[in-house]
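The values are calculated or read from the model by the stated rules, or taken from the named source; none is laboratory data. Note that this is a predicted model, so its numbers are computed, not measured. All Cβ positions, even for glycine, are placed from backbone atoms using ideal geometry, and neighbour counts span all protein chains on display.
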Amino acid sequence: MPSAAPSAETPGAAPPRADTPAPTARLAAKARRRADLLAAAARLFAASGFDAVRLEDIGAACGISGPAVYRHFANKAAVLREILETASRDLLAGALATEGTQAPGEPVLRALIAFHADFALENRDVIRVQDRDLRALPAAERAEVTATQRAYIDVWARQLTALHPDDDAAAAVFRAQAVLGLLNSTPRSVRRTPADRAARRATLIAMAWAAVAAHA
């Protein structure tokens, strides 16, 4: 059996180096770098398409070498998967939290609209990547992302049914998809500047509510 590693109390043990970052600091730095890589990848995929972007391009956008990107992601498809899975999971978690803290029907739907509008305004690149590059994921991973997105739509459909009890399930899903399509128009309708995002937010929310509240 191998001998135990020397502890701080073991004679002859090397004292910790003063310039060695604490594990929590190293983990935080790694998490920041990973987040930077994902943001850069979303921006590059949105601009040029998944197929045209190399892993080296993603690294260069963050000031690191291509090989260093492999410390965070096995390949380019893994980057795409994380972008889309993270967005889908975050949306579903936020929708379920909203549904659990608001009264059914109008209160939940107004909160969901504001929640998704903020997502759409801040994540134009992710929406464009989702629309164009979801197909690039392997079939099993694409199915997982799609299942999460369907669960998100189901939250909207439940609340739309509460608001429009005469609508059947198919009509509620159709209405949810139409409203989300409107909210997800931001890559084409809103410029990147914070001022334009702020100026368009109220209009986007008002238009989405009008679509939610409209009678068939």
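Among the residues here, ALA29 does not qualify as at pLDDT 90 or above and outside any loop (DSSP other than H, G, I, E, B). Please indicate, with yes or no, whether at least one residue in region 72-82 is outside any helix (DSSP H, G or I), among the hydrophobic types (A, V, I, L, M, F, W, C) and either within 23 Å of ARG142 (Cβ to Cβ) or modelled with pLDDT under 95 (or both). Scanning region 72-82, I find at least one residue that is outside any helix (DSSP H, G or I), among the hydrophobic types (A, V, I, L, M, F, W, C) and either within 23 Å of ARG142 (Cβ to Cβ) or modelled with pLDDT under 95 (or both), so the answer is yes.
Listed here are the helices (runs of 4 or more DSSP H) enclosed by region 159-216 that have at least 1 residues being basic (Lys, Arg) and without any contact (Cβ under 8 Å) to a residue 24 or more places away in the chain: 186-189.
Which count do you get for residues in region 153-187 that are touching a Gly at 6+ places or on another chain (Cβ under 9 Å) and within 19 Å of GLN130 (Cβ to Cβ)? Final tally of qualifying residues: 0. Among the residues of region 96-118, those identified as closer than 26 Å to GLU141 by Cβ and without any contact (Cβ under 8 Å) to a residue 40 or more places away in the chain are ALA97, PHE115. Selection of region 187-205 for residues being loosely packed, with under 12 Cβ neighbours inside 10 Å and small (Gly, Ala, Ser) yields ALA195, ALA198, ALA202. Residue by residue through region 112-132, note down the ones that are within 20 Å of ARG54 (Cα to Cα) and surrounded by fewer than 19 Cβ atoms within 10 Å (Cβ to Cβ). Once the filter is applied, which keeps residues that are within 20 Å of ARG54 (Cα to Cα) and surrounded by fewer than 19 Cβ atoms within 10 Å (Cβ to Cβ), region 112-132 yields ASP131, ARG132.
For ALA93, indicate whether it is of a type in the set (A, V, I, L, M), under 20 Å from ASN184 (Cα atoms) and without any contact (Cβ under 8 Å) to a residue 12 or more places away in the chain. So ALA93 passes the test. Restricting attention to region 100-159, which residues are touching a Lys or Arg at 6+ places or on another chain (Cβ under 9 Å) and among the polar types (S, T, N, Q)? Result: GLN102, THR148.
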